[in-house]
Structures are given as structure tokens and as C-alpha cells.
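Working notes for the structure below.
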Amino acid sequence: MIPAAFDYYRPQDLDGVISLLQEHGDDARVIAGGHSLIPLMKLRMAEVPHLIDLQSITELFGIEVGSKIRIGAMATQSDIINDISLASAAPILKEASLQIADPQVRYMGTVGGNVANGDPGNDMPGLMQCLDASFLLRGPDGEREVKARDFYQGAYMTEREDDEVLVAVTFDAPKGGYAYEKQKRKIGDYATAAAAVIISKDGSVCKGASIAMTNLSDTPVFCTDASNSLVGTSVTADDIKKAVNAMIEAIDPAEDNRGPVEFKKHAASVVLTRAIKSAWERA
Ligand SMILES: Cc1cc2nc3c(=O)[nH]c(=O)nc-3n(C[C@H](O)[C@H](O)[C@H](O)COP(=O)(O)OP(=O)(O)OC[C@H]3O[C@@H](n4cnc5c(N)ncnc54)[C@H](O)[C@@H]3O)c2cc1C
């Protein structure tokens, strides 16, 4: 449990980070909270000869809340939970963050690390797809934005280039009811299945819905068919069943120590049904 030797850098600005990434290519990685990267290095599943710490890059910190919300990559899950304006403008973030790991991990784990990692078990990627968030990336050629729904290519594979840093996530303040439901084996565990749902209502009719799930495929799954199937309905038990069935068609779980495929599909149905009911009640 001792990592291989590495050089440690702590640049004071983003240009310094990007030039180190350019200089060392594949041999360099940035480190944010370290709660995914350090365990991998200690297990020797990741060898990182050049480790670039983001803790001194002030422009990566902070949360701005208006009609548009911007969360700096270095904001921690704990920052999200404790930001009163954010909890009021987008309460689904607090609800989801409180279900990540335990307080010790949440004090260190960052939004940027959680979404950039590409781990199918991380909760924020599916949540960001549900919010239709964009990721702001900066590299040697400047800045670009990638939609969360287009960012994930496979397990640990994303649209981010090796020499790009994820600077912030942005999204419109969500309207309507919300729910983040997660099934896990024990307190502090990653999801067996988790669902992020946002629903808006016009009278007794569903006006809009957004549904994404976590840890049921190599990537988070945003399902347009499941979301659209609720629109125009009164979200009855039958309507919920249709949306759940559409999502079950879209996921592709693998058997592992969280259970066989059929069990995961069952767990997905249960958490998604609960999340839709709860989001509808709150809408
Ligand atoms: C015991 C335990 C339980 C956990 N349970 C959960 C859980 O239930 N749900 C969940 O979602 N997470 C869970 N986590 C993960 C944790 O919440 C962190 O969010 C996660 O480790 C990533 O954040 P980090 O800041 O620690 O990233 P790091 O470990 O520092 O980095 C992770 C990866 O992202 C890259 N990276 C980091 N920041 C950037 C950036 N700004 N730009 C580009 N690349 C970047 C790094 O190079 C690295 O490859 C758990 C962790 C532990 C240790």
C-alpha cells in the first residue's frame, strides 16, 4: 500500500498546471481531493510519475448561484451541502451529496474529481446529466464546454484531453420537483443503483422530466425515452412503470460483488420508482 515514487508539483495558477500537463503528457495527473487517485496509486493500479496538486488554484474554488449556477471544480461535496443558496436553488445537489460516502470523504472529494474521474460508480456524473449541466474545460488552446450528456465514453474514459483541466460545472437552476434515490450495500458505499429525477408540473400534468441513473452501465445513463414518457401524463403508477421499463431497456449492468444482472435491474426499478414518485410529489 505504498505508491511508486512521484514528483509533486503545486503550481499557483492554471497556466502553470496546463504547462506541466503539456510537458509530461501521459505521465502527469492532477490531484484534487485525492480520494479516488491516492487509493489507485497506493494499490499500484495507477502509476503517476508527475502529480500536480490543484489546491492552490484559487479560480477553481467557489460556488455562484443565480439563474445560472456555477460550481468550481475544487468545491467539495461538503461545500455543496453547506451552501445555503445552492441548497435553495438546486436542492437535489445537497440530497445527492449527503448520500456520498461519509463526512470524512465529503470534506475532501471535489465536484471536479468526481465528474472528471469517469468512474461509473460516482454519483455526480448521472446527477449532472439529469441537470443537463455543462463542463468547462481549459487546455493549451483555451476553453471549451462539453455537455455532461456527451462527456462519458466508457469506464474512466471521457471527452477530456490529457492536457485539459476541468474548471467548473454550470447549469440552469432546475425548476420543479426533484429526488436523488440511492441503493447501496452499507453506509458509505458506492451505489448498487441510483436515480436522479427532476419533474416540472403544469396543474396536474407533467410538463417536463429528466431522468438519469448511476452504476448500471460503463457510463451514467440519461434516458430520453424514460424522461419523455412521463411528459403529458399525470404520473400514475402505469406511467411510472412505462418510464421505468424504458430505463431498464437503456441500462447495461454487469454482474459483480454488488450482485447479478437481474438483481441490479430490480434494484434500478425500485430506486427509480421511488425517485419519480418523490419528485412528482415535490413538483
Ligand atoms: C471510501 C470512499 C467512498 C466513496 N464513496 C463514494 C460514493 O458513494 N459516491 C461517489 O460519487 N463518490 C464516492 N467516493 C469518491 C469521492 O466522493 C470523490 O468525489 C472522488 O474521490 C473524486 O474526487 P477527488 O477530488 O477526490 O478526486 P481525485 O482523487 O483527486 O481525482 C480523481 C481523478 O480525477 C482527476 N481530476 C481531479 N480533478 C480534476 C480536474 N479539475 N480536472 C481534470 N481532472 C481532474 C484526477 O486526475 C484523477 O484522475 C468515495 C471515496 C472513498 C474514498
message = Step by step: first the residues of the range 212-254, then only those that are touching a residue at least 40 places away in the same chain (Cβ under 8 Å), among the β-branched types (V, I, T) and within 18 Å of N122 (Cα to Cα), then the one that is surrounded by the fewest Cβ atoms within 10 Å (Cβ to Cβ). Which residue is that?
response = T219
request  = Scan the range 11-21 for residues that are surrounded by fewer than 14 Cβ atoms within 10 Å (Cβ to Cβ) and assigned to a loop (DSSP other than H, G, I, E, B) and jot them down.
outcome  = Q12, D13
ask   = Is it true that K94 is surrounded by fewer than 16 Cβ atoms within 10 Å (Cβ to Cβ) and farther than 15 Å from A73 by Cβ?
value = no
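Please indicate, with yes or no, whether at least one residue in the range 45-55 is in a strand (DSSP E or B), at pLDDT 95 or above and out of contact with any helix residue (DSSP H, G or I) (no Cβ under 7 Å at 6 or more places or on another chain).
Scanning the range 45-55 turns up at least one residue that is in a strand (DSSP E or B), at pLDDT 95 or above and out of contact with any helix residue (DSSP H, G or I) (no Cβ under 7 Å at 6 or more places or on another chain).
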message = Is it the case, given these coordinates, that Q77 is crowded, with 23+ Cβ neighbours inside 10 Å, among the polar types (S, T, N, Q) and away from the ligand (no atom under 11 Å from the Cβ)?
response = no
message = Restricting to the range 190-211, name every residue that is within 16 Å of the ligand (Cβ to nearest atom) and without any contact (Cβ under 8 Å) to a residue 12 or more places away in the chain.
response = none
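The rows are residues; the columns are (1) within 21 Å of the chain's Cα centre (by Cα); (2) of a type in the set (S, T, N, Q).
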position	(1), (2)
A246	no, no
D252	yes, no
N257	no, yes
E262	no, no
H266	no, no
T273	yes, yes
I276	yes, no
A283	no, no
task = Starting from the range 128-145, keep only residues that are at positive phi, then list their pairs with residues that are at pLDDT 95 or above whose Cβ atoms are within a distance under 9 Å, requiring at least 6 positions of separation or different chains.
result = D132/K147; D132/A148; D132/R149; D132/F171; D132/D172; D132/P174; D132/S210; D132/F222
task = For R44, indicate whether it is free of Cβ contacts under 8 Å to residues at least 40 places away in the same chain, among the basic types (K, R) and outside the structural domain of P220 (by TED's automatic domain parsing).
result = no
remark   = Taking the range 183-208 and keeping only residues that are out of contact with any Phe, Trp or Tyr (no Cβ under 6 Å at 6 or more places or on another chain) and either buried (at least 22 other Cβ atoms within 10 Å of the Cβ) or among the aliphatic types (A, V, I, L, M) (or both), one is left with I187, A191, T192, A193, A194, A195, V197, V205, C206
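The values are calculated or read from the model by the stated rules, or taken from the named source; none is laboratory data. Nothing here was measured: the structure is a model prediction, and the numbers come from that model. Neighbour counts are summed over all protein chains in view; Cβ atoms, including those assigned to glycine, are modelled from backbone coordinates with ideal geometry.
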